[in-house]
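Structure first, then comments.
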């Protein structure tokens, strides 16, 4: 038993010696490689020369005037005084003509009786005619369109009507004997106009067979004067008066 133990110890001692010898040889080789690596001389590479810095121009205060102009608290901000030019005022709109009535007959273009001011002289106009500063663009039984300064203005005819041109309604029948005699005398005078050559009851409206009534004309409807018969008709704008030629 002792001999076996001694033999095992001898084998282990030999193994340790072999391992130590192997490790020492590895260490010597590694030391030699390190020494050989450190002994190698690497040639030095010269450094590149540095680029020259760009030339900086000297400070010029004039080049920084924009900073002062944009600074709201700078005294010399915006040295150039800007004079505000007042925009041109728009042209005042001229007054619209005053309407007296519309003439609508089958087979003829519609016409409208207009005057430049209330109570002024009236005449008939058709589409395309010039009415003072206005141009008549379109016309129907309710609306009329005028053009001025390149713009169109559509108006209701009843807004333009001259109320003073309408025939006043007949006053109530008088009750007193004196008033009754005056009314009878007025009726007799109106009937006698049929035989009178007086033609101052109408105005020319540009038509050969039609005349317009003058403001305040109180002649009874149906009266014939110089071949023209007075006709009063109801329209959406009130009573319309005209003199038509008896055919």
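Each value in this text was obtained by applying a stated rule to the coordinates, not by laboratory testing. This structure is a prediction, so every number in the text was calculated from the model and none was measured. Reconstructed Cβ throughout: ideal geometry from the backbone, glycine too, with neighbour counts over all protein chains shown.
Counting every other Cβ atom within 10 Å of each residue's Cβ, 102, 5, 127 order from fewest to most as 5, 127, 102. Across the range 98-164, the mean sequence separation of Cα contacts (distance under 8 Å, 6 or more residues apart), normalised by length, yields a relative contact order of 26 percent.
Given the convex hull of the Cα atoms of the range 98-164, what is a quarter of its surface area in nm²? Across all orientations, the range 98-164 yields a mean hull projection of 4.3 nm².
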